[in-house]
Amino acid sequence: MCSAGGPIDVDFNDPLKGKGKKYRCNECGQTFTGLGRHPMCPSCQSEDVTEI
Ligand SMILES: [Zn+2]
């Protein structure tokens, strides 16, 4: 039996990969890529965000 050959998840096509972490705003639900230790929501300027 040859069961090899499943889908390979490679994210090289994601331009945001490696240029910051993704966050979700706890205030408005906006998802964005933030840089630095204190990313701020681009939509509502809240710093209450969660890394995703
Ligand atoms: Zn927000």
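Whether any residue in segment 16-29 is of a type outside the set (Asp, Glu), at pLDDT below 65, at negative phi and out of contact with any strand residue (DSSP E or B) (no Cβ under 6 Å at 6 or more places or on another chain) is what I want to check. Yes, the conditions are met somewhere in segment 16-29.
Kindly establish whether ASP9 is open to solvent by 80 Å² or more (accessible area, probe 1.4 Å) and at pLDDT below 95. Talk me through it step by step, then tell me what you get.
Values: open to solvent by 80 Å² or more (accessible area, probe 1.4 Å): yes; at pLDDT below 95: yes.
Considered against the rule, which asks whether it is open to solvent by 80 Å² or more (accessible area, probe 1.4 Å) and at pLDDT below 95, ASP9 comes out as yes.
In segment 19-30, the residues that are among the aromatic types (Phe, Trp, Tyr) form Cβ pairs under 8 Å with partners that are within 10 Å of the ligand (Cβ to nearest atom) and part of a loop (DSSP other than H, G, I, E, B), at six or more places apart or across chains, as follows: TYR23/CYS41. For the subset of segment 21-52 comprising residues that are assigned to a loop (DSSP other than H, G, I, E, B) and small (Gly, Ala, Ser), which member is surrounded by the fewest Cβ atoms within 10 Å (Cβ to Cβ)? The qualifying residue surrounded by the fewest Cβ atoms within 10 Å (Cβ to Cβ) is GLY36.
The values are calculated or read from the model by the stated rules, or taken from the named source; none is laboratory data. Only a predicted model underlies this, so the values are computations on that prediction, with no experimental measurement involved. In this analysis, Cβ positions are derived from the backbone assuming ideal geometry, glycine residues included, and neighbour counts consider all displayed protein chains. These accessible areas exclude ligands, DNA and RNA; they are computed on the full protein's heavy atoms, side chains included. Shrake-Rupley method; radii C 1.70, N 1.55, O 1.52, S 1.80 Å.
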